[in-house]
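Participant: Input: one structure, supplied below.
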Amino acid sequence: MTNEKFRAKRKPYTEKVCKLEFGPIFEHAYMGKHLRGHDTVLDLVNDLHATGVEALMVNLMRTNKTTLCQSAILASDSPEYSEYMRQFIQLCHEKDIDVLGEFALLLWPNLLEDHPDWLIVDLDDGRAEKPDPTNKSKSFFCIHSPFKEWISTLLTEYAEQFDVDGFWFDDTNFSTRTKWPWSIGCRCDYCKKKFRLETGLEIPDTVDWQSDTFKKFMIWRKDKLSDFFRDVAASVQEKRPGFPMIYNHYTLNYVNGETAHTFEPGRCNYHYFTEECCTPYLSAKIMAGEKRDYFEIWNWATEISPSVTHGMPPYPSPINSILIGMSIMANGGTPTLAGVTHDFKHLRAYFNTVFSEYKKRSQYRGGEPFKNCGIHFSARTRDFCYGDKPRSYRVSHQGIYEALNRSQIITDFIMDQSMNLDEISGYKIIYLPDSACLSDEQCEAIRAYVNQGGVVVATLNSSLFNEWGEKRTNFALADVFGVDYCSEDSSVFKPDTEDGTWSRIFAGRHGIMYLPKDEDLIKAFNDVIVLSGRNNIVSAREDAKVLCTLSNRTHMMHWYANMDHDSNQPSMVEHAYGQGYCYYLSSDLGASFMETPYPRIKELITYPVRKIGQEITVDAPSRIQVTAYKRENNQLFVHLVNYQIPLMPDGIDADIVRTYYAQQEIEPARMIKIMLHGKKAVRAYLPLSQVELPIADDQSVTIPEVMYHEVVVFEFNL
């Protein structure tokens with residue numbers, strides 16, 4: 001029986017920041033018939049409390065043929081575990097520690113024998129090795145089968161039977177898990193019937209990214225999975241109003257349509273967490289772009305030794321976990337540390353150090369985002385233009401964000417559904433990093449935004465395809481860009497051995513050389529900017545200003561300043577449209593920066609943003625990340641995170657990153673200058689260190705030192 005009166009006195013789960021996935025060690029401790037170094041359950045809870053932990057995710061069941069906790073619809077191999085769990089939860093509550101039940105949402109091998117017709121049936125993706133759904137590790141169940149009612153009943157029973165504070169779900173992908181990439185489901189009879197009823201179409205049997213029906217099916221899957229999350233949450237919340245339901249959202253750079261997770265904004269009765277190792281700020285931006293009032297980011301610790309431990313390090317340093325947590329919190333999220341699989345006492349000091357830093361900052365999370373630069377995150381482009389290579393879109397998008405982020409330019413992500421005039425009009429500038437798939441309605445919103453005085457920066461194929469990935473004959477926003485699409489630039493150059501010149505010979509990824517023509521660009525970059533990747537051939541309209549042209553060379557070999565290397569083909573164009581401006585760049589600058597993160601490429605990406613000016617500028621090392629939020633009408637919170645974990649090349653193994661790139665020491669950043677432009681502050685201070693900051697006549701303040709993370713609060717007269 002739940003104790004609502006007792007729970008009402010505790011801090012709400014969503015306000016807590018010190019969270020730990022504790023399921024594995026808790027289950028293993030019990031099943032081993034001992035408490036891993038703890039004499040009693042009370043001893044274990046006291047040890048947990050001493051670390052400062054505020055919430056735990058603990059296994060209520062196992063996804064095999066039996067469950068841990070007693071249930072009316074599932075047999076238990078350990079009936080006494082239920083009482084053990086109740087005792088543990090009660091003692092945790094007395095210490096103000098929330099306990100959430102952890103489940104694998106769609107992976108249920110224990111249903112395999114009784115309900116094989118509930119299994120997901122994958123589409124044929126052409127692989128010789130077909131997925132075997134009867135394999136226990138791949139036994140994912142369909143959300144349209146009676147499984148939906150079954151899982152809702154089970155969860156409601158657990159919510160009523162145990163005084164848990166919420167449910168936390170892994171394995172939420174609407175597909176089975178074959179060898180990577182995962183397969184795409186589902187075409188079972190339940191799905192076929194529902195798809196036919198709602199669309200009048202038949203579910204395709206095969207994966208075909210060129211098929212209109214397949215594309216519609218992929219969008220339909222996303223909608224249905226969101227509906228499933230909402231309905232399952234509602235069934236539990238009918239008995240337990242406000243009960244937290246938190247689902248794993250696969251916001252990973254290699255995931256495409258396999259999981260069926262949507263990136264569309266919307267507030268609903270459930271929350272998300274996602275997994276991250278090295279770029280928590282990027283995942284946090286995506287989650288924040290969905291406009292959820294609460295989200296978590298789960299991460300492994302660093303310095304692992306796979307030979308002797310799983311996930312957690314044998315000798316952990318808290319620095320990386322603190323840095324990752326600070327970056328998550330500065331972007332409005334909550335960090336969750338990953339599962340512990342060995343002696344908890346061994347890690348007690350580590351958790352205590354990390355959690356003490358998290359708690360100091362709990363009250364400074366979130367607020368109304370300070371709208372400055374909005375970067376479009378286009379799930380449609382990822383799905384319909386990058387098809388089975390979603391990582392390529394993530395790299396292209398990430399490169400633009402990393403360049404801006406490492407230049408202290410305040411950014412937000414704008415999802416497809418938010419690309420409308422009401423939501424984008426507050427931004428000073430909108431960045432379209434190869435936003436290839438844009439609908440006519442989205443293009444009209446962008447056109448109106450620029451016409452009213454906004455600034456847009458677009459790269460490569462932005463607006464060249466409609467929202468279904470169908471190629472247009474020209475950019476839909478050609479009138480805004482000031483350029484017309486001619487063709488994909490698929491040429492490279494090769495030296496002619498006879499005279500040492502270079503000639504165009506074959507297609508593929510190649511070097512690109514921008515030749516600055518604008519006086520300001522020449523001062524900034526001298527005579528050439530070198531990058532590599534994909535490029536378009538475009539023609540500039542008469543009223544457009546060509547800032548850079550393409551060289552007729554793709555390599556620095558035999559490059560001489562006194563020779564003519566100019567193809568006269570525009571590569572960077574500035575165009576006035578209405579009261580605003582647009583900058584179009586013909587190359588995939590984001591992917592180029594991620595491949596070779598040279599300062600000049602970063603400066604080229606950020607040049608249009610810096611040229612139009614910012615309301616907040618920060619003079620700091622590139623490792624300092626900046627976010628800003630408005631609070632209480634007259635306050636502006638500026639977060640400075642000293643994120644020293646270096647930018648990683650795409651595809652590097654996560655275990656290598658967590659082991660070899662673990663931070664052994666923190667180097668503080670000093671004398672960071674923040675300047676306000678166009679708004680006068682009456683007070684500035686550092687709430688964490690309780691230091692008042694003098695405001696100079698130019699409306700700047702200087703922060704003496706940032707170790708992990710600092711918050712600067714500006715106050716204004718109303």
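The values are calculated or read from the model by the stated rules, or taken from the named source; none is laboratory data. This is a predicted model, so every value here is computed, not measured. Every residue, glycine among them, receives a Cβ derived from its backbone with ideal geometry; neighbour counts consider all protein chains shown. Side chains are part of the model used for accessible areas, which takes the heavy atoms of the whole protein and leaves out ligands, DNA and RNA. Shrake-Rupley method; radii C 1.70, N 1.55, O 1.52, S 1.80 Å.
Participant: Under the 0.36 nm per residue contour assumption, what length would be gained going from the current alpha-carbon distance of Y685 and S622 to full extension?
Facilitator: 20.4 nm
Participant: Next question, about the same structure. Mind listing the long-range amide H neighbours of N59? Cut-off is under 5 Å, sequence gap 5 or more, other chains count too, H placed in the peptide plane at 1.01 Å from N.
Facilitator: Hits under the 5 Å cutoff: G23, E27, E102.
Participant: Work out the charge dipole of the chain with +1 on the Cβ of Lys and Arg and -1 on the Cβ of Asp and Glu about the Cα centre, then indicate which of S321, N466, I151 is farthest towards its positive end.
Facilitator: Checking the options against the dipole of the chain, the answer is S321.
Participant: Tell me which residues come under 5 Å, amide H to amide H, from V457 once H is placed; ignore anything under 5 positions away on its chain.
Facilitator: Sorted by chain and number, the residues that satisfy this are I430, Y431, L432, Y583.
Participant: Here is a follow-up. Give the calculated FRET efficiency between D171 and D117 to the nearest 0.05, with a Förster radius of 22 Å applied to their Cβ-Cβ distance.
Facilitator: My answer for the efficiency is 0.65.
Participant: Please work out the Cα center distance from the stretch 351-409 to the stretch 516-548, rounded to the nearest Å.
Facilitator: When both Cα centres are located, 28 Å separates them.
Participant: Taking a probe of 1.4 Å, how large is the accessible area per residue of the chain, in Å²? Present the calculation step by step, with values, prior to reporting the outcome.
Facilitator: Details: 28070 Å² over 718 residues.
Dividing the accessible area of the chain by its residue count gives 39 Å².
Participant: Also: Determine the share of the stretch 399-448's accessible area contributed by carbon and sulfur atoms, expressed in whole percent, with a 1.4 angstrom probe.
Facilitator: Result for the stretch 399-448: 41 percent of the exposed heavy-atom area is carbon or sulfur.
Participant: Karplus couplings for the stretch 539-551 from phi (6.51 cos²θ - 1.76 cosθ + 1.60, θ = phi - 60°), rounded to Hz, Gly and Pro as x?
Facilitator: Once θ is set to phi - 60°, the couplings for the stretch 539-551 become 10, 8, 6, 4, 8, 8, 9, 7, 8, 9, 10, 7, 6 Hz.
Participant: Using the charge dipole of the chain (Lys, Arg: +1 at Cβ; Asp, Glu: -1 at Cβ; taken about the Cα centre), state which of S571, N642, P390 has its Cα farthest towards the positive end.
Facilitator: N642
Participant: Using Cα-only point scatterers and the Debye equation, what is log10 of I(q)/I(0) for the chain at each q in 0.06, 0.09 Å⁻¹, rounded to two decimals?
Facilitator: Evaluating at q = 0.06, 0.09 Å⁻¹ gives log10 I(q)/I(0) of -0.39, -0.87.
Participant: Which percent of Cα-Cα pairs in the stretch 591-631 sits in each 10 Å bin, short to long?
Facilitator: Final binned percentages: 21, 50, 25, 4.
Participant: Compare the Cα positions of I429, M419, I409 along the charge dipole of the stretch 405-448 (+1 at Cβ of Lys, Arg; -1 at Cβ of Asp, Glu; about the Cα centre) and return the one farthest towards the positive end.
Facilitator: I409
Participant: Something else now. Mean separation of Cα pairs under 8 Å and 6+ residues apart, divided by the residue count of the stretch 184-255: what relative contact order is that in percent?
Facilitator: On the way: 25 pairs, mean separation 11.2, N = 72.
Result for the stretch 184-255 is 16 percent.
Participant: Then there's this: What does the stretch 348-504 give for Rg and for Dmax, in Å, if only its C-alpha atoms count?
Facilitator: 20.5, 70
Participant: Now for a different question. Counting only helical runs of four or more DSSP H residues, what would the 222 nm mean residue ellipticity of the chain come to if each run contributes -39,500 (n - 2.57) and the total is spread over all its residues?
Facilitator: It comes out at -8500 deg cm²/dmol, rounded to the nearest 500.
Participant: To continue, here is another question. Could you calculate the contour length gain from W209 to A654, that is, 0.36 nm times the residue separation minus the distance between their Cα atoms, to one decimal place in nm?
Facilitator: 157.3 nm
Participant: Where the Cα atoms of the stretch 163-247 are projected onto their three principal axes, how long is each span, largest first, in whole Å?
Facilitator: 48, 32, 20
Participant: Can you list the residues, at least 5 places off or on another chain, whose amide H is less than 5 Å from the amide H of T336, using H built in the peptide plane?
Facilitator: Correct list: I297, W298, N299.
Participant: Please express the shape of the stretch 83-172 as an equivalent ellipsoid: the semi-axes are the square roots of 5 times the eigenvalues of the C-alpha gyration tensor, given largest first in whole angstrom.
Facilitator: 33, 14, 11
Participant: Further, regarding this structure: Which FRET efficiency value, to the nearest 0.05, is calculated for K359 and A72 with the Förster distance at 35 angstrom and r the Cβ-Cβ distance?
Facilitator: 0.30
Participant: Here is a follow-up. Please give me, ordered by residue number, the GluC sites (Glu not before Pro) of the stretch 398-476 that lie in loop per DSSP and have at most 14 other Cβ atoms within 10 Å.
Facilitator: E470
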